[in-house]
Amino acid sequence: MKTFSSTLQRRTKGFNDIHDMTEEVRNALAESQFRNGIITVFIPGSTAGITTIEFESGAISDLTNAIERLAPKDMHYQHDARWGDGNGFSHVRAAVIGPSLSVPFNNGTMQLGTWQQIILIDFDNRPRTREVIVQIIGE
């Protein structure tokens, strides 16, 4: 087994800004020239997450609304009381979604479902330049 790493960058707006990263991850896999193995997609930081969804406007809207119900931005957070940065909601949202995703691949193809895309969600309360680490283990 060998490893390959790539770092992707994406400008985000915060407040549930959702980006489809599937093609960039697919390009990293092609660059690795591996045929079989596993891909880990990871976002450093505690105010963004990585997951999958069907990347279409209805599902994106549903996800955004569900996240708002789960951790509303307008409620009191102890993190805000301690640090005063107003992004307590973004830390909670990121913890629920999680910072990484593993995707197997066979014959150089990610084993995603037909309508399944890899997404980055920036929950923070300001624009950011996000780095996404793609680590591939394969042969």
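Loop-only check: which GluC sites (Glu not before Pro) in region 50-131 are DSSP coil with at most 15 other Cβ within 10 angstrom?
Here the GluC sites (Glu not before Pro) that fit, given the DSSP loop and packing criteria, are 54, 56.
Quick check on the exposure proxy: order 60, 118 from fewest to most C-beta atoms within 10 angstrom.
With the fewest neighbours first, 60, 118 line up as 60, 118.
Stick to the Cα atoms of the chain, pair each with every other, and give me the Kirkwood hydrodynamic radius in Å at one decimal.
15.7
Amide H neighbours of residue 55 under 5 Å, at least 5 residues apart or on other chains, H built in the peptide plane: list them.
Under 5 Å from the amide H of residue 55 lie the amide H atoms of 117, each far enough along the sequence or on another chain.
Read-outs throughout are calculated quantities, based only on the coordinates presented, and are distinct from any laboratory measurement. This one's a predicted model, so the numbers in the text were calculated from it and none came from an experiment. Reconstructed Cβ throughout: ideal geometry from the backbone, glycine too, with neighbour counts over all protein chains shown.
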